[in-house]
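In what follows, a structure is listed as structure tokens, so that the remarks can point back to it.
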Amino acid sequence: MKLILAPLQGVTDYHFRNSWSRFFGGIDEMVAPFIPAVSGSRVKPVHVRDVLPEHNAPDLHLIPQVLANESGGMMLLAREFVRLGYTEMNWNLGCPSAVVSRHGRGCGLMPKPMVVQSILREIMDDLPLKLSVKLRSGMYSTAELPEMLRVLNDFPLSCIIHHPRLGVQMYEGAPDPASFAVTLSMSKHPVVYNGDILTPKDLLELKHKFPEVDQWMLGRGVLKNPLLPELIRGRTSGSDSENINRIRQFYHHLEDSLLAQGITPHRLSSRLKEYWRYFSYWFADPPKIWYAISRTTSYESLKQDAGDILAHGRWAIDKE
Ligand SMILES: Cc1cc2nc3c(=O)[nH]c(=O)nc-3n(C[C@H](O)[C@H](O)[C@H](O)COP(=O)(O)O)c2cc1C
């Protein structure tokens with residue numbers, strides 16, 4: 001069984017990936033948050049900052065992700081990834097945010113299989129690395145999915161990662177197992193399931209439903225419970241207090257890593273707040289914790305409140 005960390009823009013960047021993997025295990029591969037393709041003849045280091053080898057612990061199996069709707073920029077990034085030492089990249093056909101999809105990128109490509117086909121035709125022969133695709137069930141309707149899968153079947157992809165929601169749903173509503181089953185039955189490529197795996201029990205139920213799937217992508221579940229991959233693999237042997245200590249150490253490592261980047265206290269505080277949307281689930285009353293953190297008005301007050309919560313909060317790390 002392969003477990004893959006999902007890309008979450010602004011969340012699972014190198015600070016998170018390095019800090020998490022220093023204290024926890026069980027993840028085989030990590031897909032980095034998307035990097036938009038750029039026009040021009042050269043990729044500036046700032047564009048690929050998150051995947052620069054000097055920022056990423058060498059033992060992470062990292063796969064960079066590209067957001068693109070034309071072959072030139074995609075090829076430019078692919079060559080840059082190879083120059084940085086990568087052998088595979090992922091193409092984002094799933095991002096539902098309006099600024100992305102409105103311009104026919106991310107999930108905005110799901111209703112446009114012919115655009116995807118022409119890009120793949122243009123790049124595939126010269127592509128210097130392996131390519132995988134991450135998609136949704138459609139932008140507006142699951143009726144978009146079969147044609148996209150037929151197009152993708154004509155190209156040698158390393159896998160298809162399917163998050164079975166529509167773009168218009170964003171992250172609302174339950175994932176749709178029926179559309180995932182369509183990908184499983186139609187795709188010639190290995191298929192990875194992604195969406196709402198929050199506990200080992202969730203994964204067991206999905207395995208029962210889709211016994212042929214052997215690759216699973218975990219996103220918010222790992223943020224809400226950093227022990228999740230170990231729990232899934234039955235590898236967490238420490239006592240509760242040892243595990244809670246590991247989580248505290250992880251948090252401080254993450255904070256220190258962000259601090260070392262030299263960002264302003266204001267920016268640091270908004271970065272940490274983004275994490276606390278998920279980290280609040282480490283405790284018994286997530287809305288109360290999130291409320292307390294979200295209303296802090298400075299880095300100093302966030303640090304104070306976070307310190308109190310980490311030291312005295314009612315921990316609730318789910319093991320089911
Ligand atoms: C804040 C946020 C940022 C995301 N950024 C990306 C991204 O950069 N690339 C991508 O393919 N998916 C992105 N996603 C989608 C996740 O990778 C994943 O598909 C989704 O969260 C469902 O999986 P989960 O329920 O395990 O979190 C993002 C999701 C969230 C909530």
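Rule-based calculations on the coordinates, nothing more; no lab input. Predicted, not measured: the structure shown is a model, and the values here were computed from it. Virtual Cβ from ideal backbone geometry, glycine too; neighbours counted across all protein chains shown.
Just order 251-260, 234-243 by mean Cβ neighbour count inside 10 Å, highest at the front, would you? Write out the running numbers ahead of the final one.
On the way: 251-260: 16.3, 234-243: 11.9.
Ranked from most to least packed, the peptides come out as 251-260, 234-243.
Could you point to the residue in W91, P211, F155 farthest towards the positive end of segment 2-232's charge dipole, with +1 and -1 charges on the Cβ of Lys/Arg and Asp/Glu respectively?
Comparing the listed Cα positions along the dipole, W91 ranks first.
Place a +1 charge on the Cβ of each Lys and Arg in the chain and a -1 charge on the Cβ of each Asp and Glu, then give the dipole magnitude about the Cα centre in debye, rounded to the nearest 20.
About 400 debye.
Which ³J(HN,Hα) values, rounded to whole Hz and listed in residue order, are derived for segment 14-26 from phi using the Karplus coefficients 6.51, -1.76 and 1.60 in 6.51 cos²θ - 1.76 cosθ + 1.60 with θ = phi - 60°, glycine and proline given as x?
5, 4, 5, 4, 5, 5, 4, 6, 6, 10, 9, x, x
May I ask you to evaluate 6.51 cos²θ - 1.76 cosθ + 1.60, the Karplus curve with θ = phi - 60°, for each residue of segment 245-258 and list the ³J(HN,Hα) values in order in whole Hz, giving x for glycine and proline?
Coupling constants for segment 245-258: 4, 4, 5, 4, 4, 4, 4, 5, 5, 4, 4, 4, 5, 5 Hz.
Taking every pair of Cα atoms in segment 240-312, average 1/r, invert it to obtain the Kirkwood radius, and report Rg/Rh to two decimals.
0.95
Can you compute log10 of I(q)/I(0) for the chain with the Debye formula, treating each Cα as one identical point scatterer, at q = 0.10, 0.15 Å⁻¹?
For the chain, the Cα-only Debye profile gives -0.59, -1.29.
How large is ³J(HN,Hα), in whole Hz, for each residue of segment 273-282 in order, when computed from phi with the Karplus curve 6.51 cos²θ - 1.76 cosθ + 1.60 and θ = phi - 60°, using x for Gly and Pro?
4, 4, 5, 5, 3, 9, 5, 4, 6, 6
Taking 8 Å as the Cα distance limit and 6 or more residues as the minimum spacing, I'd like the relative contact order of the chain as a percentage.
16 percent
Going highest first, how would you order 94-105, 64-75 by mean Cβ packing within 10 Å? Intermediate values should be presented prior to the final figure.
Values: 94-105: 16.9, 64-75: 20.5.
Highest to lowest by the protection proxy: 64-75, 94-105.
What residue among G108, A78, I119 has its Cα farthest toward the positive end of the dipole of segment 2-232, where the charges are +1 on Lys, Arg and -1 on Asp, Glu, each on the Cβ?
The residue sitting most towards the positive pole is G108.
If we count other beta carbons within 10 Å of each Cβ, what is the order of T87, T183, T142, fewest first?
T87, T142, T183
Report the local net charge at L166: Lys and Arg +1, Asp and Glu -1, summed over other residues whose C-beta lies under 11 Å from its C-beta.
-1
Rank these for me by crowding, K112, K188, K44, going from fewest to most other beta carbons within 10 Å. Please list the in-between numbers first.
On the way: K112 19, K188 13, K44 10.
Neighbour counts put them in this order, fewest first: K44, K188, K112.
Over segment 10-82, what per residue volume does the convex hull of the Cα atoms give, in whole Å³?
Dividing the Cα hull volume of segment 10-82 by its residue count gives 92 Å³.
Could you list, in their original order, any pairs among K201/K224; K224/K273; K2/K188 whose Cα atoms are separated by more than 25 Å? Don't skip to the end; give the middle numbers.
Working: K201/K224 15 Å; K224/K273 14 Å; K2/K188 19 Å.
Checking Cα-Cα distances, every pair stays at or under 25 Å.
Which value, to two decimals, describes the C-alpha radius of gyration of segment 1-138 once divided by 2.2 N^0.38 Å?
Details: Rg = 14.7 Å, N = 138, 2.2 N^0.38 = 14.3 Å.
That ratio works out to 1.03.
Where a ≥ b ≥ c are the square roots of the eigenvalues of the C-alpha gyration tensor, would you call segment 135-236 rounded, which needs a/c under 1.5, or, failing that, prolate if a/b is larger than b/c, or oblate?
Taking the square roots of the gyration eigenvalues as a ≥ b ≥ c, segment 135-236 is prolate.
Where the only charges are on Cβ atoms (+1 Lys, Arg; -1 Asp, Glu), what is the dipole of segment 92-246 about its Cα centre, to the nearest 20 debye?
160 debye
Listing W91, W276 from the residue with the fewest other Cβ atoms within 10 Å to the one with the most, what is the order?
Fewest-to-most Cβ neighbours within 10 Å comes out as W276, W91.
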